[in-house]
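Bear in mind that the values in this text are calculations on the coordinates, not laboratory data. Nothing here was measured: the structure is a model prediction, and the numbers come from that model. Counting neighbours? That spans all protein chains shown, and the Cβs are built from the backbone with ideal geometry, glycine included.
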Amino acid sequence: MRRVIGMDIHRTFAEMVVWEDGQLRHHGRVDMTRSGLEGFGRSLRWTDEVVVEATGNAKAVVRVLSPVVGRLIVPTQCK
């Protein structure tokens, strides 16, 4: 089962949405701290795809989450 998680990153928190089984749903908020991201990472599957907003905090998210998900995407440009 494919699951795609989108992260809207803010300075102190991130909002997540999940697309699964053709449905989009709110997945909550996570603190933008190492422990907050690690806790969120424990809820992810190795088959998940995570799309991270390209902001200043994106590198920290990539460092923490990339080992636990199948694919992590940071878009660099929108057309």
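Within the listed set Leu37, Leu65, Leu24, the Gaussian network model of the chain (springs between alpha-carbon atoms below 10 Å) gives the highest mean-square fluctuation for Leu24.
Determine the gain in length on full extension of the stretch Val17-Ala54; use 0.36 nm per residue of separation and subtract their C-alpha separation, reporting nm with one decimal. Intermediate values should be presented prior to the final figure.
On the way: separation 37, 0.36 × 37 = 13.32 nm, distance 1.61 nm.
Additional length available on full extension: 11.7 nm.
Across region 3-73, the mean sequence separation of Cα contacts (distance under 8 Å, 6 or more residues apart), normalised by length, yields a relative contact order of 32 percent.
For His27, nonlocal amide neighbours, meaning residues 5 or more places apart or on other chains whose placed amide H falls under 5 Å from its own, are Met16, Val17, Val18.
Using Cβ contacts closer than 10 Å as the measure, can you line up Val52, Val30, Val17 from fewest to most? Let's see the in-between values first.
Numbers: Val52 23, Val30 20, Val17 15.
Ranked by crowding around the Cβ, least crowded first: Val17, Val30, Val52.
For a quick check, take a GNM of the chain with Cα springs below 10 Å and name the residue from Gly41, Gly22, Gly56 with the largest mean-square fluctuation. Of Gly41, Gly22, Gly56, the Gaussian network model singles out Gly22 as fluctuating most.
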